[in-house]
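Working notes for the structure below.
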Amino acid sequence: MTPRLQSAATLLALATTAAPDLLSWGRLKETIRDTVDADPMDAALGFIGTASLLFYVAEKGQNPKVETLGDAFVFISTCMSVGYSDIFARTEAGKAVASLVMTYGPALSANMLRKGPEDTRIVERLDKLIEALTPAVPSPASVDGPAPGSR
């Protein structure tokens, strides 16, 4: 096990011991879903930034194509979309980050521009206001007078 991976495993073990309720699988999934629902664009941008940093840390010094954080960003952003890049993961940690991004990245990208719950509530309120302000138009059957086409 590499020193970096051992440090990460130790940190995770300490965090799990210190706050087991906060790091439970169900709690983690709920937190991620709530974050994505609250603001899909912030969630996607945070995911891209975090994944870029993790990929950079995993690959720097091991991968000649990853010399800067910008190189890592290019790789991560292409993983989330078309997958076109001349950069490939070479380390096990880099491959794990890339796999995670390729699995969840496209869904986050697709949701990035959708409207949030607050936008939906505003539109619903506006629809109710328009309905209340629009005079009721009587249907043709309820209007007295000759039927259309009769003399």
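Coordinate-derived values only; no laboratory data. From a predicted model like this one, the values you see are computed outputs, not experimental measurements. A quick note on method: Cβ atoms are made from the backbone with ideal geometry, for glycine too, and the neighbour counts reach across all protein chains shown.
Quick notes on this structure:
- Using the average count of surrounding beta-carbon atoms within 10 Å as a protection proxy, the listed peptides 25-34, 93-102 rank, highest first, as 93-102, 25-34.
- Extreme residue, positive dipole direction of region 19-133, given options Ile130, Ile87, Ser52 (C-beta unit charges): Ile87
- Peptides 45-53, 83-91 ranked from most to least packed give 45-53, 83-91, packing being the mean of other C-beta atoms within 10 angstrom over each peptide's residues.
- One chain, two ends: Leu100 and Thr68. Fully extended at 0.36 nm per residue, the span grows by 9.4 nm beyond their Cα-Cα distance.
- With 5 Å bins from 0: P(r) over region 19-133, alpha-carbon pairs, percent: 2, 12, 17, 17, 14, 12, 10, 6, 4, 3, 2, 1, 0, 0
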